[in-house]
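The values are calculated or read from the model by the stated rules, or taken from the named source; none is laboratory data. These numbers come from a predicted model, not from an experiment. When we count neighbours, we look across all protein chains shown, and the Cβ atoms used for this are built from the backbone with ideal geometry, even at glycine.
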Amino acid sequence: MRRKLAAGNWKMNGTNASLTELQTLIATHPAPGVDILICPPATLLVQAAGLSADSPVMIGAQDCHSAASGAHTGDISAPMLADAGAVAVILGHSERRQDHGEESALVAAKISAAHAAHLTAILCLGESLAEREAAQTLDVIADQLRHSLPDTATGANTVIAYEPIWAIGTGLTPSPAQISEVHRFLRSELRARFGSEAATGFRLLYGGSVKPANAPEIFALDDVDGALVGGASLTAADFSPIITALENA
């Protein structure tokens, strides 16, 4: 059985004062029935890892460079993230693809770097609204999966998150049927590439305007193993009910 995962992406939000939310979350879920991962900004990694060291809550990062070290001013390597206490890193997020022009080949190189540093890679995939309306969703997802996921990927070192771009931070959420279609397709593609036994190990998350109100319906769907949550993960009051909904799914 795949262990479910509630992952929170704080994006470019959070200062030292925000760590009280992490402390509250840890106190609220001392023995969770699912994995919990918080990905704060890099400036808070060390502090967050220290606060969560004796708890089940894990700490991840939001990006890494494809090189282990070198002349890359302002960048952070996967070994550095691991040294700071991270156990995972989000890669290929649509905001990185859009804001920084990251293509799937670069995402694949970053995932390989994460694997080499013994970090779990969370690969993000998703279509734009124009692509959805043009009935290109599965073609886009297939292309991103094929070119972003290196051969080193396994169910143990890689999580895949479906995040339709048009649903991120907009309040819009795909219908249950639309989410199910993509997750079934992802499982099928993984099976075709890695074999049935290997494919069953990959955890598939949904991300995009996940809230306490819609989480139970989303988590009830087949092949949804959890969520990658943005804004609702910034406070324990919003994220905790999502964790509880996943535990009860």
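Being assigned to a strand (DSSP E or B) and under 24 Å from Ser148 (Cβ atoms), is that true of even one residue in region 71-81? Before the answer, list the steps.
Taking region 71-81 first, the residues assigned to a strand (DSSP E or B) are 77.
Now drop any that are not under 24 Å from Ser148 (Cβ atoms), which leaves 77.
Taking every residue of region 71-81 in turn, at least one turns out to be assigned to a strand (DSSP E or B) and under 24 Å from Ser148 (Cβ atoms).
Examine region 82-97 for a residue that is of a type outside the set (S, T, N, Q), more than 18 Å from the chain's Cα centre (by Cα) and at positive phi, and state whether such a residue exists. Before the answer, list the steps.
So the first thing to find is which residues in region 82-97 are of a type outside the set (S, T, N, Q), and the list is 82-93, 95-97.
Okay, now just the ones that are also more than 18 Å from the chain's Cα centre (by Cα), so 83-84.
When the remaining residues are screened for being at positive phi, the result is none.
No, every residue in region 82-97 fails to be of a type outside the set (S, T, N, Q), more than 18 Å from the chain's Cα centre (by Cα) and at positive phi.
Considering Ala161, Ala177, Ala130, the condition of being on the phi < 0 side of the Ramachandran plot, without any contact (Cβ under 8 Å) to a residue 12 or more places away in the chain and out of contact with any helix residue (DSSP H, G or I) (no Cβ under 9 Å at 6 or more places or on another chain) is satisfied by Ala177 alone. With respect to the conditions (1) in a helix (DSSP H, G or I); (2) of a type in the set (D, E, K, R); (3) touching a helix residue (DSSP H, G or I) at 6+ places or on another chain (Cβ under 6 Å), Asp139 lacks only one, and its number is (3).
For region 42-55, check the following and say yes or no: at least one residue is acidic (Asp, Glu) and either over 18 Å from the mean Cα position of the chain (by Cα) or at pLDDT below 95 (or both). Walk me through how you get there before you give the answer.
Of region 42-55, the ones acidic (Asp, Glu) are 54.
Narrowing further to those that are either over 18 Å from the mean Cα position of the chain (by Cα) or at pLDDT below 95 (or both): 54.
There is at least one residue in region 42-55 that is acidic (Asp, Glu) and either over 18 Å from the mean Cα position of the chain (by Cα) or at pLDDT below 95 (or both).
Filtered by the rule that a residue be surrounded by fewer than 23 Cβ atoms within 10 Å (Cβ to Cβ) and touching a Gly at 6+ places or on another chain (Cβ under 9 Å), region 205-229 gives Ser209, Lys211, Phe219. From the list Ala213, Ala192, the lone residue that is free of Cβ contacts under 8 Å to residues at least 12 places away in the same chain, closer than 25 Å to Ile36 by Cβ and out of contact with any Phe, Trp or Tyr (no Cβ under 9 Å at 6 or more places or on another chain) is Ala213. Scanning region 1-18 for residues that are under 20 Å from the mean Cα position of the chain (by Cα), over 19 Å from Gly226 (Cβ atoms) and without any contact (Cβ under 8 Å) to a residue 60 or more places away in the chain turns up just one, Met12.
Take the conditions (1) touching a residue at least 24 places away in the same chain (Cβ under 8 Å); (2) part of a helix (DSSP H, G or I); Ile90 misses just one of them, which is (2).
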